[in-house]
Amino acid sequence: MKSARNHKLAFWLTFCPPTLWMLIFLLVPILIIGIFSFSAKQGLVDISASWVLDNHIRAFDPVYLSVFFKSIGIAALTTLICFLIGFPVAIGIASAPKSWKPVLLMIVVLPFWVNLLIRTYALIAVFRTRGFFNFSLEWVANLFGIPFEPLTLLYNDAAVILGLVYIHLPFMILPLYAGFEGFNKSLLEAASDLGAQQFKIITAIVLPIMAPSIISGCILVFIPALGSFLTPELLGGPSSQMIANVIERQFLAANDWPFGSALSMMLIYLTFGALALRYFWLRRRNFSSTENKP
Amino acid sequence: MNQQQRKNCQNRIFNYFHQWWFRVILCCTIVFLYAPIIVLVIFSFNDSRRNVTWHGFTFKYYEKAIHNNNLIEAFLNSLSIAFFNTVFSLILGTLTALLLWRFRFSYKSVYEGIILVPIIIPEICIGIALLVFFNLCGWPNDLPWPLNLSKITCAHILFSFPFVAVIIRARLAKFNLDQEEAALDLGANHKQIFKNVLFPHLKPALIVSSLLAFTLSLDDFVITFFMSGPETTTVPIKIYSMVRFSVTPEVNAASTILLLITIVLAAIAIWIQRGWAKEVEKS
């Protein structure tokens with residue numbers, strides 16, 4: 001590690017290109033929508049930076065507030081389901097024989113590389129009213145001679161949650177796997193020697209020790225799920241719109257840029273709020289764990 | 001307790017892998033993750049428009065997809081965007097990684113955080129922020145190909161290069177500084193060290209991150225959705241408009257082609273990374 005002062009030319013050569021890119025294509029655009037969120041629309045196209053709070057107040061209108069709550073609810077439920085599936089899968093993979101681990105991990109990670117749109121489309125093909133799932137159910141029903149009506153599985157909130165779980169599951173499994181790999185297994189052995197049952201070992205030892213990686217996994221699922229656009233757009237019904245869909249409509253259909261900007265700034269605040277919670281939780285945990293040391 | 005007994009005991013308690021509930025959950029998860037994709041691929045060869053029952057094997061829909069000029073145009077656009085994205089992300093990402101690895105400077109931890117922002121904040125926010133930005137700064141819309149793809153390419157570079165930076169930095173952290181000193185002692189200059197010592201060390205990470213940047217760009221939908229115009233559609237945008245219309249074997253065929261490309265790229269990347277992990281284990 002060298003000091004930037006002593007190697008000025010090399011420092012600026014490596015510093016400037018990525019920083020400029022960030023500045024031009026990230027910070028300036030976000031600053032612009034930040035200013036827009038306090039602006040008023042004048043006529044059809046003109047926007048004046050008048051520092052009004054109207055857009056933010058309008059975002060607390062019951063119509064939009066319910067969308068916010070719904071999005072948070074859907075993202076939270078997605079996170080919970082991902083955890084309930086991901087936790088047993090992760091600790092199972094982590095305790096697999098050495099030759100199995102890379103294979104199982106690759107199986108879990110590979111869908112991450114497959115296009116989001118294609119995976120969502122595959123879900124539509126399977127679960128639509130005349131899709132494979134209903135078709136198989138019908139086949140089973142006919143086998144037993146039960147009359148069968150195809151189920152409507154898509155275009156509701158449950159379908160959105162199913163789609164989000166389907167897409168975000170790898171994000172939960174990987175940190176949990178790393179967390180379980182990383183701690184000293186003799187603790188489990190000690191607990192077992194002292195007579196703790198399997199379930200007790202998991203709740204009293206594994207879960208508390210893995211808490212930081214569980215939080216990481218939850219954040220990695222919650223944040224993208226909260227801002228997801230494509231899944232509710234394709235799998236959701238008219239009432240299962242999430243924040244991102246409302247934002248998109250403000251820009252591409254309703255042409256109300258200031259209000260759309262205010263909504264997206266609030267989505268950004270929510271994202272950073274979730275990250276801040278994690279940060280403070282980790283800091284408190286580290287603080288209290290150093291305090292308890294003799 | 002001797003070593004063998006200890007091992008048995010450990011196996012009994014923590015070997016969740018050998019317990020039936022784990023196997024059931026794992027099997028269900030794998031079926032859940034893969035069944036829809038496999039069904040999609042199989043039914044792209046189905047000789048029926050209704051697309052539910054099997055009516056025999058055919059390449060008909062692939063031929064249709066290949067003769068669909070709009071789709072081919074979108075495909076060429078996607079590939080050129082992915083190519084330029086890879087080149088620029090590799091340069092910017094490597095510079096960022098070198099900067100964070102080599103230098104001490106004030107507010108470095110803040111800088112490290114800002115680099116990750118494009119990965120963290122919701123795609124929709126980046127999409128609309130760039131939409132507004134390009135509109136305000138009067139970025140020309142009627143440039144000749146491939147310059148008309150510049151908006152999409154710039155957006156893709158923004159979210160790809162942080163990934164490249166993270167991968168290359170992880171590789172740099174494993175670089176043994178003694179090697180550099182040895183080269184200096186033997187009279188190498190900085191250019192030679194970069195070319196003959198550092199670059200060979202970074203090579204696997206460069207390959208993996210360029211594959212990742214390529215697939216990220218090829219796969220992106222949300223941000224591209226806000227940047228693309230009638231002349232600048234990419235494959236995901238094209239598939240999206242087809243999906244909105246209906247579920248047809250032609251969409252399955254187009255999706256399968258895109259799927260095949262990404263799976264091959266991913267397999268190469270994962271394979272290289274495995275070799276890299278083994279090398280670390282050895283040393």
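On the basis of the beta-carbon distance and an R0 of 25 Å, B:Cys28 and A:Ile146 show a calculated FRET efficiency of 0.50. For the pair A and B, the buried accessible area comes to roughly 8500 Å² in total, with a 1.4 Å probe and the value rounded to the nearest 100. Classify region A:68-243: rounded, prolate or oblate, from the alpha-carbon gyration tensor (a ≥ b ≥ c, eigenvalue square roots; a/c under 1.5 rounded; otherwise prolate if a/b is larger than b/c)? The shape class here is prolate. Annotation: per residue accessible area for region A:109-180 equals 42 Å², rounded to a whole number [probe 1.4 Å, protein chains only]. With the charge dipole of the protein assembly as shown set up from +1 on Lys and Arg Cβ and -1 on Asp and Glu Cβ about the Cα centre, the Cα lying farthest toward the positive end among the listed residues A:Leu13, A:Thr152, A:Ile35 is that of A:Leu13. Label zone (A:Leu252, point 7 Å along Cα-to-C-beta; backbone nitrogen cut-off 19 Å) within region B:198-240: B:217-240.
Other protein chain C-beta atoms within 10 Å of residue C-beta, averaged over A:12-21: 6. Taking A:Leu153, A:Leu80, A:Leu252 as the candidate residues, the one with maximal mean-square fluctuation in a Gaussian network model of chain A, Cα springs under 10 Å, is A:Leu252. Here the Gaussian network model covers chain B, with springs between Cα atoms less than 10 Å apart; of B:Leu202, B:Leu143, B:Leu158, B:Leu143 fluctuates the most. Highest mean first, the peptides B:205-211, A:27-33 sorted by other C-beta atoms within 10 Å per residue fall in the order B:205-211, A:27-33.
Spin-label model, B:Asp142/B:Ser106: points 7 Å from Cα along the beta carbon direction are separated by 5.0 nm.
Charged neighbours of B:Phe17, selected by a Cβ distance under 10 Å, balance to +2 (K, R count +1; D, E count -1).
Across chain A, the mean sequence separation of Cα contacts (distance under 8 Å, 6 or more residues apart), normalised by length, yields a relative contact order of 26 percent. Placing unit charges on the Cβ atoms only, positive for Lys and Arg and negative for Asp and Glu, gives the protein assembly as shown a dipole magnitude near 1560 debye about its Cα centre. Each of B:Leu211, A:Leu207, B:Phe159 was scored by the projection of its Cα onto the charge dipole of the protein assembly as shown, and the greatest displacement toward the positive side belongs to A:Leu207; charges sit on the C-beta of Lys, Arg, Asp and Glu. For region A:69-108, chymotrypsin sites (Phe, Trp or Tyr not before Pro) meeting the loop criterion (DSSP other than H, G, I, E, B) and having at most 14 other Cβ atoms within 10 Å: A:Trp100.
Look at the stretch B:108-120: the mean tally of other chain Cβ atoms within 10 Å of its residues' Cβ atoms is 3.
Rounded to the nearest 500, the 222 nm mean residue ellipticity of the protein assembly as shown from helices alone is -24000 deg cm²/dmol, with -39,500 (n - 2.57) taken per DSSP H run of at least 4 residues. Dipole magnitude for chain B: about 920 debye, using +1 per Lys or Arg Cβ and -1 per Asp or Glu Cβ, origin at the Cα centre. Per residue of B:19-28, other chain Cβ atoms within 10 Å of the residue Cβ number 3 on average. Each Lys and Arg Cβ is given +1 and each Asp and Glu Cβ -1; about its Cα centre, chain A then shows a dipole of about 1000 debye. Checking every one of the chymotrypsin sites (Phe, Trp or Tyr not before Pro) in region B:73-171 against DSSP loop status and a limit of 12 other Cβ atoms within 10 Å picks out B:Tyr107.
The values are calculated or read from the model by the stated rules, or taken from the named source; none is laboratory data. Predicted model, so just to flag it, every value in this text is computed and none were measured. We place every Cβ from the backbone using ideal geometry, glycine too, and count neighbours over all the protein chains shown. Keep in mind that these areas ignore ligands, DNA and RNA; they rest on the heavy atoms of the full protein, side chains included. Shrake-Rupley method; radii C 1.70, N 1.55, O 1.52, S 1.80 Å.
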